[in-house]
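These notes are about the structure you will find just below.
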Amino acid sequence: MKIGIVGPDNAGKTSVFQCITGLTEAQMGGKNAHLGVVRVPDERLDVLSAMYQPKKTTPAEVTFVDLGQNASQAERLSSLTGALADAEALAVVCGAFMEDRPRDSLESYLLDLALADLSLVENRLEHIAKDVQRGKKEARADEPLMQRLQEILGDGRRVADLELAAEETKALRGYQFVTGKPTVVIANVAEKDLGNGVAQSIAGAAGEHGLPSCEMCCPLELEVSQLQPEDRKVFMADYGMSASARDRFIRAAYEMTDLISFFTVGADEVRAWSIPRGTPAPVAAGKIHSDIQQGFIRAEVVAYEDLAAAGSLAECRSQGTVRLEGKTYQIQDGDVIDFRFSV
């Protein structure tokens, strides 16, 4: 999964990027776009690793993109259809400490995103008109949909707000509209503003657009990330933190993109794999290797909860909790799978 970190000027986007990825300014190397890969925290993977003692444990990963500070606002918005076109989701950072009211800054930026998409729609409508003039009547196929998008985006609403038929959803995939991507708002607050209602105000504005939000205090989070594990637990307990903002955010990102995880286990490697909910077993197998998808025969599946309770796959077999599933089976979150295939 790839998530683009965006937001108004001086909202603290790069600070949030550093909090999430753990990268320092020196490691980021300049003011251009930054990429950082973060391992997805999953206690289930830890349990399976302890059970199998593999040579290698590989968690699922999320890639974060920060556009950097050397671009103008217009250039950054333009890049949303370029550098961030392949991002599955967006994180909009809103600085609670900004000179303008944070709520107003968020509203203004969300409008800018809608206008960026509106520009794409209007360009498409112009091309349709030119194609029709050239006698390409089939070009009108997309026109009604583009006109609907033009209307909602002109009102400052999101592409995601539009109810689409299956064929319309398919038609829009090539456009990569930024307001069609799952989006979460990060309220970037100073330590003195924790719990004083500032983040709640930002959350309220996000909620009016149907967007989830989470609170992050970058200086505090950076301090937490630099502590040893035991000291970190004590520090977080003192601040009433059950989990770091980074971990909470990554979980929220999984939920908003409707991703789930399945696991493969063995002496060589225990690994978590991320897939969209509802993925058929052969397609999930292709995540591992295309040969497994092409030669898929069946999947031997056990739920993580059953394996963790039983303590071994052999015990699961004796208890009858191991299942054989075919091509139509949709992978469930937490499935531990051994794919059978023939090349």
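None of the figures in this text is laboratory data; all of them are computed from the coordinates on show. Computed from a prediction, not measured in an experiment: that's the story for all the values here. Cβ placement follows ideal geometry from the backbone for every residue including glycine, while neighbour counts extend to all protein chains displayed.
From least to most packed, judged by other beta carbons within 10 angstrom and beginning with the fewest, Asp268, Asp291 follow the order Asp268, Asp291.
Each label was represented as a point 7 Å from its Cα along the Cα-to-Cβ direction; for Phe97 and Leu222 these points are 1.0 nm apart. Each semi-axis of the equivalent ellipsoid for the chain is √(5λ) with λ an eigenvalue of the Cα gyration tensor; in descending order they amount to 37, 31, 16 Å. For Asp268, neighbours were defined as the other residues whose beta-carbon sits under 11 Å from its Cβ, and their charges (Lys and Arg +1, Asp and Glu -1) total +2. Taking only the Cα atoms of the stretch 138-248, the ratio Rg/Rh comes out at 1.18, with Rh defined as the Kirkwood radius.
Taking 0.36 nm per residue of separation and subtracting the Cα-Cα distance, full extension of the segment from Thr328 to Glu151 would add 59.8 nm. Ordering 175-181, 198-204, 155-161 by mean Cβ neighbour count within 10 Å, with the highest value first, yields 175-181, 198-204, 155-161. Only helical runs count toward this figure. For the chain, summing -39,500 (n - 2.57) over DSSP H runs of n ≥ 4 and dividing by all residues gives -12500 deg cm²/dmol at 222 nm.
Per-residue 3J(HN,Hα) values for the stretch 107-116, derived from phi via the Karplus relation 6.51 cos²θ - 1.76 cosθ + 1.60 with θ = phi - 60°, read 4, 5, 5, 4, 5, 4, 5, 4, 5, 4 Hz in sequence order (x marks Gly and Pro). Rounded to whole numbers, the Karplus 3J(HN,Hα) couplings from phi for the stretch 8-13 are x, 4, 6, 7, x, 4 Hz, using 6.51 cos²θ - 1.76 cosθ + 1.60 with θ = phi - 60°, and x at Gly and Pro.
In plain terms, if you count all Cα to Cα distances in the stretch 292-343 and split them into 10 Å steps from zero, the share in each step is 26, 49, 23, 2 percent. Sequentially through the stretch 220-232, phi angles give Karplus couplings (6.51, -1.76, 1.60; θ = phi - 60°) of 5, 5, 5, 5, 4, 5, 8, 8, 5, x, 5, 5, 5 Hz, Gly and Pro residues having no value and appearing as x.
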